[in-house]
Structure formats: structure tokens, C-alpha cells
Amino acid sequence: MNQAIILAQRAFAHDDVPIGAVVVRNGKIIARGENMVQKKQNPTLHAEIVAINRAVKKLGTKFLDDCDIYVSLEPCAMCATAISFARIKNIYFAATDVKGGGITSNARVFETDKHLWHPNIVQMPEYAIESATLLRDFFKKCRKGK
């Protein structure tokens, strides 16, 4: 999770919402991603999507069923669904996202039996304050810029 937080800080540095994600296989990071929505002007380039794309490219496979993903913020519905489609085994996330969360807070995409793949979900509250503070600082900076 520390690496996901570092990636979130990098996203902050290039004026993207500070969210980072890492894909882990057998205890080793195989792919990293940070939000690149603003940097690349592409609304689908969330940290999780970037990390998943890099992981499948590196492994040469479309399924990551022996991998875990660590994310600094609860994935949105789009990212949660992408995680399901990639068949990632475990999702670990730091802070919850009351407005945009897709797992525990808002859309709750895995609470339906219609999803073909249900990853295990673990919140890591020991990282929640650090992640939430980074997000608050980012949005405070955005409001000052207006």
C-alpha cells in the first residue's frame, strides 16, 4: 500500500486526483498505475485501469487471477468492474469513497450475483488517513485555483 500512496502523490504532482494502484503477484509488484485522467485527457485512465493494463501486458495474459491489487482509494464502479473482468483475486484499498466508491460506499457492484468474478475485498484502515488527507489537500488546492 505504501507504493500506492507514493503513486497517488505522483498523480497529485501532475494535477490528477491523487490515487495510486499496484498489482502484486507472489508478493512482488508487477505493475503500477496512477491517475492520468488530466495528464492524458482520458476519463478512463484511473490508477486501477493503468495498473491492470500494464500487468496484462507484462504477463501476456488477460486474466490476473493469481494477482492482488492495492489501491489508495476505494475503486469506482468502472474500476471495480474492470478488476472483476481481469479476475483479480484480492482488492486491498485504503480510504473509502462515499461519493464515487464502487465496492462498499455507493455502487456496491459486487453485491449482485450477476458478476462472474467476485474478488476478496479488504480495507486497510491503517492507510485511510494518509490517503484521505492527500485527497483533501488536492481538492483544497483545486478550490484555491478557481
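Applying the set (1) assigned to a helix (DSSP H, G or I); (2) open to solvent by 20 Å² or more (accessible area, probe 1.4 Å); (3) farther than 20 Å from residue 23 by Cβ to residue 138 leaves exactly one unmet item: (2).
Just one of (1) surrounded by 12 or more Cβ atoms within 10 Å (Cβ to Cβ); (2) out of contact with any Gly (no Cβ under 7 Å at 6 or more places or on another chain) fails for residue 106. It is (2). Taking (1) without any contact (Cβ under 8 Å) to a residue 60 or more places away in the chain; (2) among the β-branched types (Val, Ile, Thr); (3) not in a loop (DSSP other than H, G, I, E, B) in turn, residue 5 satisfies each apart from (1). Scanning segment 109-130 for residues that are part of a helix (DSSP H, G or I), open to solvent by less than 80 Å² (accessible area, probe 1.4 Å) and either more than 16 Å from residue 19 (Cα to Cα) or of a type in the set (Lys, Arg) (or both) returns 109, 110. Scanning segment 42-58 for residues that are open to solvent by less than 50 Å² (accessible area, probe 1.4 Å) and either among the hydroxyl-bearing types (Ser, Thr, Tyr) or part of a helix (DSSP H, G or I) (or both) returns 47, 48, 49, 50, 51, 52, 55, 56. Scanning segment 8-41 for residues that are assigned to a strand (DSSP E or B), surrounded by 24 or more Cβ atoms within 10 Å (Cβ to Cβ) and not small (Gly, Ala, Ser) yields 22, 23, 34. Can residue 95 be described as touching a residue at least 12 places away in the same chain (Cβ under 8 Å) and buried (at least 20 other Cβ atoms within 10 Å of the Cβ)? It is true that residue 95 is touching a residue at least 12 places away in the same chain (Cβ under 8 Å) and buried (at least 20 other Cβ atoms within 10 Å of the Cβ).
The values are calculated or read from the model by the stated rules, or taken from the named source; none is laboratory data. Because the structure is a prediction, the values reported are computed rather than measured. Please note: Cβ atoms are built from the backbone with ideal geometry, for glycine as well, and neighbour counts cover all protein chains shown. Note: areas computed on protein heavy atoms with side chains; ligands, DNA, RNA excluded. Shrake-Rupley method; radii C 1.70, N 1.55, O 1.52, S 1.80 Å.
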